[in-house]
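Report on the following structure.
The values are calculated or read from the model by the stated rules, or taken from the named source; none is laboratory data. All of these numbers come straight from a predicted model, not from anything done at the bench. Glycine gets a Cβ as well: all are built from the backbone with ideal geometry, and neighbour counts include every protein chain shown.
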Amino acid sequence: MGKLKVAVIGCGSIAKFRHLPEYKANQHVDIVAVCDINEERVKETAEKYGAKPYTNYEDLLKEVHVDIVSVCTPNYLHAPISIAASNAGAHVLCEKPMATSYEEAKAMIVAAKDNGKKLMIAHNQRFVASHKKARQLIESGELGKILSFRTAFGHGGPERWSIDGKDSWFFEKEKAFVGAMGDLGVHKTDLLRYILGEEFVEVGAFVENNAKDFSSIDDNAVCILKSESGIVGTLAASWGYKKEDNSTIIYGEKGVMRLEDDPTFSMIVQYATGEIAKYELGKIQSNDEGGQNTSHVINQFVESVLEDKMPPVPGEEGMKSLQVILAALQSSETKQIVRVLD
Ligand SMILES: NC(=O)c1ccc[n+]([C@@H]2O[C@H](COP(=O)([O-])OP(=O)(O)OC[C@H]3O[C@@H](n4cnc5c(N)ncnc54)[C@H](O)[C@@H]3O)[C@@H](O)[C@H]2O)c1
């Protein structure tokens, strides 16, 4: 079998640091086309990867047959581009947050299904070694019944990350739809659903804009969440933390599990017996390292296509994580505890 043909749509930071170098390093694929509305950027990217440049994704999908499309654009374009790519017969790897509404997310899943193609959402936190180990230990009953958690993802904001800096779409409500909650909060809702193996049923939230005065999109949020078995905890997502926090603590009947909370040990379990287990599982990957420390997202998606198996984070999972965010936004607006839609 020949190599799978890949197109990357959106040539900003996540494409540059993750999708493009990780496809390039994968021996089963060829990057054949790239697209960005920024002409200079797409030209430069196309030259670097030996791909054909496009400034309009519809033209790309019409003119080149590709097996895989990565959607690395601003959030409001995730659904239209993913649906067009599925309809053009491609398997789709779409960045998070999956979409801007439940209806869009559902339509993405239907489009992939109707075309017999795969859809994966790039929730990379699931592939971090400490997070995988945490899920295993919790599933095996090591911590006993889980009672509570505390999770946070915060940093200084996307002006230091986005290829367009302070002028980025991240700060435009019509393009981003949601700020720190959609950017960082969705990573942690997805991670907790994965680690706990449970769905969230109720959410209360303050989703505020108090960190950046040059933008009016939400940038600092704190939520309380309740799971189906009654686990309660807090989730914070912020673009206002001057030092990054990307950590999770799980409180169980038999002990406390600290994830990415210590500079050396990515997982520490403090047992009720007094025993402490420290795990050195490697540091949580940082997107700036691109290529040196794989996110696993691209390789796992390619493998699922090659072996015709379910991708590790299918559209349905991305949608469930998005629904928690949608409930948090509704809670913040209505000042009510909101039930997460089934
Ligand atoms: N998984 C992760 O850890 C992670 C990290 C960062 C960003 N992301 C997600 O990746 C997506 C892209 O974010 P980013 O950080 O790369 O943003 P970015 O601002 O660095 O890049 C976005 C790019 O999309 C291009 N673009 C805009 N409209 C387009 C269109 N119609 N067609 C083609 N290209 C278009 C822009 O010109 C820009 O080059 C977002 O959804 C974001 O939430 C995920």
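Data for the structure
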{"item": "Filter result (acidic (D, E) and either modelled with pLDDT of 95 or more or within 15 Å of L147 (Cα to Cα) (or both)) within the stretch 256-276", "result": "E275"}
{"item": "In the stretch 143-162, the residues that are in a strand (DSSP E or B) and either polar (S, T, N, Q) or within 16 Å of the ligand (Cβ to nearest atom) (or both)", "result": "S148, T151, A152, F153, G154"}
{"item": "Among residues of the stretch 294-342, those that are closer than 21 Å to K3 by Cα and among the charged types (D, E, K, R), counted", "result": "4"}
{"item": "Pair list, Cβ under 7 Å, 6 or more apart: the stretch 224-247 residue more than 16 Å from A328 (Cβ to Cβ), other residue among the acidic types (D, E)", "result": "E228/E198; E228/E199; S229/E198; I231/E198; G240/D219; N246/E260; S247/E260; S247/D261"}
{"item": "Number of positions in the stretch 208-234 that are closer than 21 Å to K166 by Cα and either aliphatic (A, V, I, L, M) or not in a loop (DSSP other than H, G, I, E, B) (or both)", "result": "5"}
{"item": "Which listed residue is farther than 25 Å from G12 by Cβ and either in contact with a Pro (Cβ under 7 Å, 6 or more places away or on another chain) or of a type outside the set (F, W, Y) (or both), from S247, S321, S238, S304", "result": "S247"}
{"item": "Any pair with Cβ under 7 angstrom, 6 or more apart, that starts in the stretch 311-336 at a residue that is in contact (Cβ under 8 Å) with a residue 40 or more places away in the chain and under 27 Å from A112 (Cα atoms) and ends at one that is surrounded by 24 or more Cβ atoms within 10 Å (Cβ to Cβ) and aromatic (F, W, Y)", "result": "P311/F301; V324/F200"}
{"item": "Members of the stretch 225-260 found to be among the basic types (K, R) and surrounded by fewer than 16 Cβ atoms within 10 Å (Cβ to Cβ), listed by number", "result": "K242, K243, K254"}
{"item": "Members of the stretch 1-32 that are away from the ligand (no atom under 12 Å from the Cβ) and in a strand (DSSP E or B)", "result": "L4, K5, V6, V29, D30, I31, V32"}
{"item": "Residue satisfying all of: in the stretch 91-107; under 17 Å from V297 (Cβ atoms) and of a type in the set (A, V, I, L, M); farthest from the ligand (Cβ to nearest atom) among these", "result": "V92"}
{"item": "Residues located in the stretch 47-90, provided they are assigned to a helix (DSSP H, G or I), among the aromatic types (F, W, Y) and within 11 Å of the ligand (Cβ to nearest atom)", "result": "Y57, Y76"}
{"item": "Lone unmet requirement of (1) within 26 Å of Q300 (Cα to Cα); (2) surrounded by fewer than 23 Cβ atoms within 10 Å (Cβ to Cβ); (3) under 18 Å from the mean Cα position of the chain (by Cα) for K175", "result": "(1)"}
{"item": "Boolean, V186 is within 16 Å of the ligand (Cβ to nearest atom), aliphatic (A, V, I, L, M) and not in a loop (DSSP other than H, G, I, E, B)", "result": "yes"}
{"item": "Subset of the stretch 312-342 (residues that are touching a helix residue (DSSP H, G or I) at 6+ places or on another chain (Cβ under 9 Å), surrounded by fewer than 16 Cβ atoms within 10 Å (Cβ to Cβ) and basic (K, R))", "result": "R339"}
{"item": "Some residue of the stretch 163-170 being in a helix (DSSP H, G or I), surrounded by 18 or more Cβ atoms within 10 Å (Cβ to Cβ) and over 20 Å from the mean Cα position of the chain (by Cα)", "result": "no"}
{"item": "Some residue of the stretch 118-126 being more than 14 Å from the ligand (Cβ to nearest atom) and within 27 Å of D342 (Cβ to Cβ)", "result": "yes"}
